[in-house]
1. Is it the case that some residue within the range 139-154 is of a type in the set (A, V, I, L, M), in contact (Cβ under 8 Å) with a residue 24 or more places away in the chain and either under 30 Å from Lys3 (Cα atoms) or in a loop (DSSP other than H, G, I, E, B) (or both)?
2. Cβ-Cβ below 6 Å, separation at least six or inter-chain, first residue in the range 118-137 and over 17 Å from Leu93 (Cβ atoms) and without any contact (Cβ under 8 Å) to a residue 60 or more places away in the chain, second surrounded by fewer than 24 Cβ atoms within 10 Å (Cβ to Cβ) and aliphatic (A, V, I, L, M): which pairs?
3. Please verify whether Glu125 is surrounded by fewer than 16 Cβ atoms within 10 Å (Cβ to Cβ), more than 17 Å from the chain's Cα centre (by Cα) and not small (Gly, Ala, Ser), treating the condition exactly as stated.
4. Quick one: count up the residues across the range 155-198 that are touching a residue at least 60 places away in the same chain (Cβ under 8 Å), of a type in the set (Gly, Ala, Ser) and touching a helix residue (DSSP H, G or I) at 6+ places or on another chain (Cβ under 7 Å).
5. Tally up the residues in the range 78-103 that are among the charged types (D, E, K, R) and either out of contact with any helix residue (DSSP H, G or I) (no Cβ under 8 Å at 6 or more places or on another chain) or under 11 Å from Cys58 (Cα atoms) (or both), please.
Amino acid sequence: MAKRIYLASRSARRRELLRQIGVGFEMLVLRENSPRGADIDETPHPGETADSYVQRVCLEKARCAWRRVEERKLPRMPVLAADTSVCIGEEILGKPEDARDAMRMLARLSGAEHRVLSAVAIISEGRLESAVNESLVRFCELSKTSIRGYVESGEAMGKAGGYAIQGRAAAFISSLRGSYSGVMGLPLFETAQLLDKF
């Protein structure tokens, strides 16, 4: 695998997962909320499917991060970018805007199966490769009290779909078919396969 890479993500979970498989990395952070605006517009396009959306956003992050490497004349190392989306039907559940939005999302997921799509891309010297992992997650029926308590814990904020599988929300999940690390935000099998190619 690549000896060292740039990670184009602020996610503590992605850092933890890369360390788990022994990948050395340096952070290469893209702008999210700043006076100059975000580097990547993560608004879904009209009619865009969840599958197309997660791959597009991931590839845009990778390309943007590589431009940063070139502009800043940084040492040339592969850049890893990732994006994770939670969807139920064709509805994409992004990061909650506020507590009320988080409660709406969790009520939507209650007692239902949803898809978690986790895309990963690596770019270096004009070469770009990506992969998408799909996992199926089913939530048990959640009471309004459970939802409110979870949202009040603060864990829902900043997470696609309003939950973190590695946190308290693990108690909501009655079944998972797919990649636990993918649901966390970085599918390690696909990541390792891509890193081997670089």
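1. yes
2. none
3. In short, yes.
4. 6
5. The total comes to 4.
Let's see how each residue does on (1) more than 30 Å from Gly24 (Cα to Cα); (2) at pLDDT 95 or above:
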position	(1), (2)
Glu91	yes, no
Met103	yes, yes
Ala119	no, yes
Val132	no, yes
Ser135	no, yes
Leu142	yes, yes
Ser146	yes, yes
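The values are calculated or read from the model by the stated rules, or taken from the named source; none is laboratory data. Remember, it's a predicted structure, so these values are computed and weren't measured experimentally. Positions of Cβ are generated from backbone atoms using ideal geometry, with glycine treated the same way; all protein chains shown enter the neighbour counts.
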